[in-house]
1. Ala53 versus (1) at pLDDT 85 or above; (2) more than 29 Å from Lys94 (Cβ to Cβ); (3) assigned to a loop (DSSP other than H, G, I, E, B): which is the lone unmet condition?
2. Suppose we keep only residues that are in a loop (DSSP other than H, G, I, E, B) and at pLDDT below 95 within region 203-216. Which one would you say is farthest from Gly29 (Cα to Cα)?
3. Could you please give the count of residues in region 1-54 that are aliphatic (A, V, I, L, M) and free of Cβ contacts under 8 Å to residues at least 24 places away in the same chain?
4. In the list Ala354, Ala349, which residue meets the criterion of being surrounded by 23 or more Cβ atoms within 10 Å (Cβ to Cβ), over 12 Å from Asp330 (Cβ atoms), modelled with pLDDT of 95 or more and not acidic (Asp, Glu)?
5. Among the residues of region 197-215, how many are surrounded by fewer than 14 Cβ atoms within 10 Å (Cβ to Cβ) and of a type in the set (Ser, Thr, Tyr)?
6. Residue under question is Thr230, and the condition is that it be among the polar types (S, T, N, Q), at pLDDT 95 or above and within 18 Å of Ala89 (Cα to Cα); does it hold?
7. Out of all the residues in region 251-259, is one or more surrounded by 21 or more Cβ atoms within 10 Å (Cβ to Cβ) and over 30 Å from Phe143 (Cβ atoms)?
Amino acid sequence: MPTDVSSFKDVYKTAITGNFPEEAAIVLGDKKIPLKVVPTQLRYGTNPHQPFAAYAPTDSTTLSIGNLEMLKGGKAGLSLTNLQDMSQALNILKYFSRPACAVMKHVNPCGFKVQTAQEPLAQIYTVARDCDARSAFGGVVGFNVTVDAPTAEAIMETFIEGVIAPDFDQDALEILKKNEGTKKRNNAIRIAKTANFNAIPKYVGDDVTGYYNIRNLADGTITFEIPYLTRIKSAADFITDPMIPNTDPAKNDGKDFIIQRQPTERELDDCLTAWYVNINVRSNGIVFVKNGAAIAVGTGEQERIGAVEQAIDKALKKGHPLQGAVMSSDAFFPQRDSIDTVGAQGITAVVWPAGSMQDAAVIQAANEQNIALMATLERCFLHI
């Protein structure tokens, strides 16, 4: 006789508890960091049968995830994946002073848009969502400015699991709460208010006292890592004239390998956006940006050209022509094939760390494709 499995859907709405203490601490040598359990109602860990707890530093007023104000959370609360997506959204948004929106799915951005032409926030959101509307289904949305009513209306057009922002207009809150207690779609959308997330460290030289990336290995080993900090504070920090000395007179007419084309102001701005988004993309990471929108993200591939091909495939399948777009790569290009491939699609500028034995060939490819090539001299791998 067939077995009815329809009840399993209820586990996604049910909070489970674990035997976790109210307080904890990290002790490293003579340094002790006291932690308090996050009071927000938590649902489950990565999967519905995994209990979990979250702890925030007791003296922190800037660690936004540990100090969330839940304006609407549903009876089940937040899952670990919700918290991770909110955290990664803020890790992108902290770099932007202009209004911006990040759409997260499974700890990766599937859409992003920063204001480039005085667009209203609702338009910024819909562009970010429609970078990859299919992946945005059931995602988490983050903003770096107060959410207004038109934006809230746009959010409620599709199924979004959570929204995090510095604040919400009263009218926006009423819209986001209007299906609460019903069986309508988005009835349990989770609304979180945060503050001071711009204080989270982001640039080389920022104070990272008490900030650690903590991960565990298969045998119980725990690793501690200082969070990623970038030296790129603005597009002025890009190296726009990268050069590789020529050590073989038989190549390139004996001349050094020098990039020929300089980026436009728009390309510089889009490359900066692409770099900041890529910092929070699971490596290998490739990000295409056009007019402030991340129109495609290649993520999690084991080969660089595979990440490029994945991002191209996503862009074209979802209706985003790449002519005039820019690309960021979170690590060097082992061969020139990535540049040749994106050049054929009309990419006009690329930002990348440099550092490959084949950088001279990469510069040659960029010159042949009339691509502006900018170096960061830092890699932004993300392994999570």
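1. (2)
2. Asp207
3. Just the residues of region 1-54 that are aliphatic (A, V, I, L, M), to begin with: 1, 5, 11, 15-16, 24-28, 33, 35, 37-38, 42, 53-54.
Then keep just the ones that are free of Cβ contacts under 8 Å to residues at least 24 places away in the same chain; that gives 1, 5, 25, 27, 35, 37.
Of the residues in that region, 6 qualify.
4. Ala349
5. 2
6. yes
7. The answer is yes; a qualifying residue exists.
Listed here are the residues, each with its yes/no results for (1) within 23 Å of the chain's Cα centre (by Cα); (2) assigned by TED's automatic domain parsing to the domain that holds Cys131; (3) not β-branched (Val, Ile, Thr).
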{"position": "Phe288", "(1), (2), (3)": "yes, no, yes"}
{"position": "Glu303", "(1), (2), (3)": "yes, no, yes"}
{"position": "Met327", "(1), (2), (3)": "yes, no, yes"}
{"position": "Phe333", "(1), (2), (3)": "yes, no, yes"}
{"position": "Ala349", "(1), (2), (3)": "yes, no, yes"}
{"position": "Asp359", "(1), (2), (3)": "no, no, yes"}
{"position": "Ile363", "(1), (2), (3)": "no, no, no"}
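The values are calculated or read from the model by the stated rules, or taken from the named source; none is laboratory data. Note that the structure is a prediction, hence the values are computed from the model and not measured. Note that each Cβ is placed from the backbone with ideal geometry, even for glycine, and that neighbours are counted across all protein chains shown.
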